[in-house]
1. With (1) modelled with pLDDT of 75 or more; (2) surrounded by fewer than 17 Cβ atoms within 10 Å (Cβ to Cβ) as the list, and residue 522 as the residue in question, which single condition is left unmet?
2. Does residue 553 qualify as being assigned to a loop (DSSP other than H, G, I, E, B), assigned by TED's automatic domain parsing to the domain that holds residue 635 and over 30 Å from the mean Cα position of the chain (by Cα)?
3. Find the helices (runs of 4 or more DSSP H) located wholly in region 300-394 whose residues include 3 or more that are at pLDDT 80 or above and within 26 Å of residue 259 (Cβ to Cβ), and list them.
4. Which one of 511, 552, 529 is touching a Ser or Thr at 6+ places or on another chain (Cβ under 9 Å) and modelled with pLDDT under 80?
5. Determine which single condition residue 32 fails, assuming it passes every other condition in (1) in contact with a Phe, Trp or Tyr (Cβ under 8 Å, 6 or more places away or on another chain); (2) under 18 Å from residue 198 (Cβ atoms).
6. Here are some residues: 276, 251. Which one is surrounded by fewer than 22 Cβ atoms within 10 Å (Cβ to Cβ), hydrophobic (A, V, I, L, M, F, W, C), modelled with pLDDT of 90 or more and in a helix (DSSP H, G or I)?
7. Among the candidates 89, 111, single out the residue that is touching a Pro at 6+ places or on another chain (Cβ under 9 Å), modelled with pLDDT under 75 and not basic (Lys, Arg).
Amino acid sequence: MLIIKIICLILLFLSVYYSIGKLITNHFSYLKGFELVIGMFITFGLFHVISVIPTILNAPVQMIYYITYPLLGLFIILSYTFSYKNFIFHKEINYFLLTSIIIFIGIYFLFDFIIPGDSSFYLPLIRSVTTQKNIYMIEPWSGITSQMGYMYYFVTYELFIGTLSHLFRMDSTIFTVNVVTFCHLVIILITSYTFLKKIIKDKVKTNYAFLIYLFVFIFLNSNLHRVFFTHNAFNFITNSYTGKTIYLNGLVILLFYLLNRIVSYQNKRDILFLGLFNLITPGLTASALFLQLIMSLVVIIYFIIYQKRQTDRFYGFIILTLLIPIIINYQFIIFASDFYLKSTLFIIGIESLFIVIILIGLFLYYYGNEVINKNQKVIKNIFYGCLILIGVASISGGIYLLATRSNDIYNSVALLPNPLEIIYLYGYNLVIFYILAILGLIYVHKKYPNFQFLFYSYVLIMLLVFLNPFNFPLVGGLITSFRTFHRILFILPIHFMIVLYFVNIKNKKKLLIWLFVIIIPFISIFHGLHPINNSNFYYKVKNDVVDIGHKLDKPYRIIAEEDFINELSMVTNNYEFVFTVNDMRQVEYKAYDNEELLELILMINNKNQFMAHTFTSLVKKYHIECIIVYKNNPINSNLQKYYHQSESLSTESIIVYLIQ
């Protein structure tokens with residue numbers, strides 16, 4: 001049975017991740033509790049190192065299979081061989097954590113959590129690994145074969161999932177939304193609990209803090225995309241299987257702990273570990289490259305500008321170890337064939353900057369003689385001067401963008417919002433959230449002095465250098481685009497500061513008042529989700545869509561209702577949408593410029609009056625081969641006059657018309 005195979009694969013992956021993580025924590029005892037997230041990171045890291053060059057070269061997918069299967073198999077066997085003696089999850093089972101995870105995941109899987117949009121991109125991209133001859137050669141939203149985008153030259157996580165689904169002979173969507181999602185949720189929840197335990201120490205208080213964390217930042221957080229919260233639940237719920245989710249909600253938490261240790265102990269092994277993160281994590285999501293750069297720069301700035309007593313050799317070591325992996329990844333972008341900045345001057349400038357950074361690191365490491373400590377004041381003046389110059393340039397660019405864009409308030413989710421729009425859209429939640437953030441900043445670092453850097457210095461340097469109103473337009477735009485600027489907030493530990501503030505409130509009435517204030521807007525992750533009985537259990541999409549997806553025998557050029565367009569791509573790659581999910585977004589942002597296709601799709605969705613001559617001529621002009629609508633759509637009475645209904649492809653609730 002399929003359900004038994006899914007359960008067996010979940011147990012297999014969790015046990016493999018744990019055994020590999022156990023190998024690491026046997027040598028780094030302070031990482032105990034993080035076994036699952038470390039094991040997942042090491043496993044993916046091995047795959048990434050092997051497959052990133054073939055991915056850049058757009059090699060045949062078969063090459064990835066032949067290279068990775070034996071190596072991954074050997075890696076798994078070795079990990080079991082060396083860790084079998086310690087292969088138990090815990091000598092003392094944490095029944096509270098186990099029960100919490102089971103209840104949460106049980107509730108989670110009662111809902112159809114696959115929300116169209118992002119899933120219409122990631123799931124067909126993963127499926128293409130098992131159906132296309134070459135890596136990442138499908139344009140997921142439309143279904144047509146195209147050139148790989150430059151941001152995917154070094155992102156290999158979708159390739160990783162697709163390769164595993166092929167290895168275990170399971171449909172990629174079923175494997176992804178069940179096996180991968182379940183593993184990610186377990187990893188994220190255990191990592192969050194472990195991090196809280198490392199801070200609080202007391203088991204009862206840790207359990208209490210974990211419940212508050214789940215309640216405030218999972219159940220009652222925003223399910224809206226691109227909101228100014230540091231721990232938005234959108235990705236956690238609707239894209240649980242993606243690389244960006246395991247990075248932002250899992251690995252970043254481990255990084256918080258690692259960053260604090262680096263500053264506290266200056267251990268070179270920890271710095272090397274962070275350098276490994278800088279090399280590997282961009283394989284999970286392109287945004288990780290810039291986010292890792294920001295976190296690394298905060299550590300470097302702290303050591304050079306604000307903390308004395310280090311040798312030049314140490315400064316050189318940390319610069320080289322943290323920045324060279326990032327420079328390597330940036331080469332993949334800069335020299336990608338479709339990178340949009342092809343200016344020779346730009347390439348020379350950025351490469352010169354990289355060379356200067358490496359030379360400075362080498363000089364400090366081999367020849368430095370207290371250069372940093374002797375010139376601390378000069379370095380500080382240069383640092384603040386650069387901040388001012390960057391701020392002036394950044395705010396000027398931000399003002400220009402605000403002045404030249406459309407002033408539609410609801411476009412702020414896609415474009416650069418101004419402060420008034422932010423308040424209009426999310427004002428109540430933001431006010432409450434950041435009041436709590438300030439209270440946490442004031443209180444937590446005093447209560448937990450061992451985490452002084454993470455909960456105080458790190459946050460203040462982030463605000464001073466990267467998240468102030470002057471530099472934010474530039475910093476937000478450099479992540480991958482302004483549409484993903486909100487991701488920078490995930491690398492701030494403010495959500496944990498709020499949890500720690502709550503857990504130390506001794507007056508329970510005061511705590512209840514705060515929780516009531518948070519509940520008022522009732523923005524829950526479960527808004528917009530449907531009970532699973534409306535969907536196919538394994539695919540998490542409508543049964544009728546699954547049936548049609550399995551029946552399609554070739555990639556028809558399709559025009560269809562929005563709901564169907566959103567879901568079909570999750571089931572099959574046998575489609576070529578004339579109007580795509582991405583086009584829908586462009587319409588929402590008032591940026592779609594094909595008036596004819598817009599008129600056609602509005603008629604299909606019964607939003608414009610059906611005009612027979614216009615409709616039939618546009619169908620012919622765009623070589624449409626298939627029209628798909630739901631039976632309750634009034635347009636059916638008109639379509640039946642002009643087109644043939646396919647009995648074999650149609651289902652109880654969906655009618656498929658084939659164009660002769």
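The values are calculated or read from the model by the stated rules, or taken from the named source; none is laboratory data. Please read these numbers as outputs of a predicted model, since none were measured by experiment. When we count neighbours, we look across all protein chains shown, and the Cβ atoms used for this are built from the backbone with ideal geometry, even at glycine.
1. Unmet condition: (1).
2. Details: assigned to a loop (DSSP other than H, G, I, E, B): yes; assigned by TED's automatic domain parsing to the domain that holds residue 635: yes; over 30 Å from the mean Cα position of the chain (by Cα): yes.
Taking the combined requirement at face value, the residue satisfies it.
3. 312-334, 344-366
4. On the way: 511 fails: touching a Ser or Thr at 6+ places or on another chain (Cβ under 9 Å); 552 fails: modelled with pLDDT under 80.
Selected residue: 529, the only one of 511, 552, 529 that is touching a Ser or Thr at 6+ places or on another chain (Cβ under 9 Å) and modelled with pLDDT under 80.
5. (1)
6. Numbers: 251 fails: surrounded by fewer than 22 Cβ atoms within 10 Å (Cβ to Cβ).
After ruling out the rest, the residue left standing is 276.
7. Details: 89 fails: touching a Pro at 6+ places or on another chain (Cβ under 9 Å).
Only one candidate qualifies: 111.
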